[in-house]
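Let me begin by presenting the structure, written as structure tokens, before commenting on it.
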Amino acid sequence: MMPSLLILIPLFVIMAINLPKHTGRRLAFYLALALFATQMILAVFHQKLFLTNEAVGIDRFFRVDLSIDHLGVVALVCMGIVSISSLFVSRYMPLDESERFKFTNLLVIMSIGMCGIVMAKDIFSLYVFLEITAIASFILIAFKKDIGGLEGAFKYLVLSAIATVFMLLSIAAILLVSKDTSFAAITEALKVSGSQPVVIAAIAIFLCGLFIKGGIFPFHGWLPDAYESSPAPVSILLAGIVTKVAGVYTIMRITMLFGSSASINNVLLLLGTLSILVGAFAALGQDNFKRMLAYSSISQVGYIILGIGAGTPLGMAAAIFHFFNHAMFKSLLFVNAAALEKETGTVSMSKMGGLAERMPVTGTTSVIGILSAAGIPPLAGFWSKLLIIVALWQAGRYSYAAIAIFAGVVTLGYLLTMQRKVFFGKLSAGLDDVKEAGFGIVLPSVILASIVVLTGLLFPFIFQSFIIPVKELLQH
Amino acid sequence: MTPNNPSELLYVFGSFTILLLVAGFYCLVVTRSFLRAVIAIELLIKAVTLFFIAVGYITGKPALTQALVITVIVVEVVVVVIAGGIAISVFRKNDSLDITLLNKLKG
Amino acid sequence: MNTIDIVLLVAMTLAAVWSVMGRSLLKATIGLAVTSAILSILIFRLGSPLAAVFELSVCTGLITVVFVSTISLTKPLTHKDIIEMSKKRNRRFIYLPIILGLVAFALIRAGIPKGLIMSTGETVGNVTEVLWNMRQLDMFGQVILIIAGALGVVVLFAEAKDDAK
């Protein structure tokens, strides 16, 4: 088995659903579902299947080699779960069949892009796949073609183009000292000339580009607009996985590639903390719950960045664990947002209230998601945040650890406010005939909630079997 | 008066890259028109292309940078086409391409 | 490097400035095309003929066509509006030459950076070899990008019929 299958199979799926005109359309949903499931299985069992040192078969054709490591597996599994949730939710959106078909196509293209980002071992290929993901996102954000979506897409397009320019300048500057663009060659070149000003500037602007892609504090302007204005299944994708793979996973990769230096760590810690605080306080003042969740996303990504910025193997392991948890609870909350938007027809929290009795499942799962996001034991979010704080403490960054704890309180504050406004209290006028959203929305919501609970309860097992190995792997 | 050693070449091409970048970013910041923002992005990518080719020329690997630039050009075209599509859709909804009209999402 | 290269670089920058300052969108587009054409000559002179062909045909040609057709499909303003607008625009754009002058001055003052060690020398094959034997992944990416672009066109341009109803 070969990693390049992960990007080749989706291409065949696209061909398969587009060539036969009518059967393809009907089968698109099931084929895409099967595709994401296959991707997850391939990712989970990669150790048995992929860990051969020689390139075999199709991999020999792609001489720029792809590889999956522990970080990659986590990202691939998150991708599979979130894509499946989004696919289910898309069945319940007011789209006609041909639009749904286009959506499925774009979803598959996006998954090619993200698989490529996760597995690329060449900085320029990384850029190409980032661009594929970004272009699929522009189209998906603008999918409904309402003015908000178009504006969100255009903002994202402009900022993403700026990020691209930064990254390309940085790649060109690195080519001044490096033989070619593969990670191995760059590592080699940095050993010789890592301290030259040009190289340091190149690393800095590359990271700036990634900060834009990830929506980290000074560059977060596009993110709430894009999340808020995109159709529900798309905001699940964007919030759950796309910006995380494009902006956060790549930061992990790049810091591992360039080696963590004190100055990079300081910048990451500072921006991470600012993202946490800005995101949390901005979320406090929102009435639109999608927008609130978007700000909450900025704040949670800040935690992941803090974990990376701790600069220790434990920090990195904690960061990837929080990456997984965030993908789960944030897409859970966005799935619930989709259910609420579909049933009540509004996104304004002040117009809702008392929905817990009408939508018991949605209400319960969203409590689970909220508690996990706020870091309440024994849910998954608690453990990853605890690990991040421990990593910061061990690295001697006491003040950052303290801010991280403090921001947890704010997070709990705004999320509980939302829960109270939407689900508790008296039923608001005009919401009498609200009922539970359809099976396709409730199912992913329940599955995601159980993953959140199980990850929390099985934490000792995960710690032993996942975090410790990752930590040891990174120590070498 | 014609530079020929690597540092001088890098200085000359780097300077012009920076000038183009400044022009592009300036346009991006002050413009109020949708399409002009896309033109600004184009100018930025032109600067990047120039820099790539110059790096290939200076360090003696023009084959590699050429291959990379071709990919960049393909990406650029796709981005411009999508941006044009968004602009046309906005125009159909709004009858104007003024970015300032599009601030419903601010805040 | 010859004097002609420097002349080309200066001309390219001027074309870029003209494209930014140009009053109508059409002029800006022509400015962009000129910038791109000069860039492709530069690319050719710097030993990358294939990329030069791409730049000339795709960026100078295709992108200009895309821009012009977008402009004609949207027809943003009447002639009167343009004159009205450009008065306001001039106030915002007038600073560009000044800023560019300052940056150029700063760059000249900074002088040639010293002590940069570059990896020069090793040339790896010709461009077709590199593209097809070493960068297949990028080629694959291009294929996917073009599919994505086609889908984008289908999604974004499709609904003209529905709107008309």
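Computed from the Cβ-Cβ distance with R0 of 41 Å, the FRET efficiency linking C:V103 to C:L62 stands at 0.85. For the protein assembly as shown, the alpha-carbon coordinates run over 80, 65, 55 Å along the three principal axes, in decreasing order. Zone of A:F45 (label point 7 Å along Cα→Cβ, backbone N under 11 Å): which residues in the stretch A:81-116? Once the point is set 7 Å along Cα→Cβ of A:F45, nothing inside the stretch A:81-116 turns out to lie under 11 Å by backbone N. Taking the Kirkwood radius as Rh and the Cα radius of gyration as Rg, the stretch B:6-93 has a ratio of Rg/Rh equal to 1.09. In the stretch A:87-225, the alpha-carbon atoms span a convex hull of 108 Å³ per residue. Size descriptors for the stretch A:235-376 (Cα atoms only): Rg and Dmax, in that order, 16.4, 53 Å. Look at where the Cα atoms of the stretch C:1-60 and of the stretch A:120-143 average out, and the two centres are 27 Å apart.
Expressed as a whole percent, the proportion of Cα-Cα pairs in the stretch A:282-476 lying more than 24 Å apart is 40%.
Each listed q (0.15 Å⁻¹) maps to a log10 I(q)/I(0) for the stretch A:196-297 from the Debye sum over equal C-alpha point scatterers, namely -0.63.
In units of the rule-of-thumb radius 2.2 N^0.38 Å, the stretch A:1-45 shows an alpha carbon radius of gyration of 1.21.
On association of chains A and C, roughly 2700 Å² of accessible area becomes buried (total for both chains; probe 1.4 Å). Surface analysis of the stretch A:282-476 yields an accessible area of 36 Å² per residue, using protein heavy atoms and a 1.4 Å probe. Note on the stretch C:1-57: semi-axes of the ellipsoid equivalent to its C-alpha gyration tensor, largest first and rounded to whole Å, are 22, 14, 5. Rounded to 0.05, the FRET efficiency of the C:I112 and C:K27 pair, given R0 = 25 Å and the Cβ-Cβ distance, is 0.10. Measuring between alpha carbons in the structure, the pairs from A:K213/A:K351; A:K213/B:K61; A:K144/A:K330; A:K213/B:K46; A:K144/A:K385; A:K144/A:K342 lying more than 25 angstrom apart are A:K213/A:K351; A:K213/B:K61; A:K144/A:K385. In whole percents, the pair-distance distribution calculated for the stretch A:136-184 from its alpha-carbon pairs, binned every 10 Å from zero, is 25, 31, 21, 17, 5. The average projected area of the stretch A:300-391, computed from the convex hull of its Cα atoms over all directions, is 6.1 nm².
The values are calculated or read from the model by the stated rules, or taken from the named source; none is laboratory data. Keep in mind that this is a model prediction, so the values were computed, not measured. FYI the Cβ positions are ideal-geometry reconstructions off the backbone, even for glycines, and counts take in every protein chain you see. Keep in mind that these areas ignore ligands, DNA and RNA; they rest on the heavy atoms of the full protein, side chains included. Shrake-Rupley method; radii C 1.70, N 1.55, O 1.52, S 1.80 Å.
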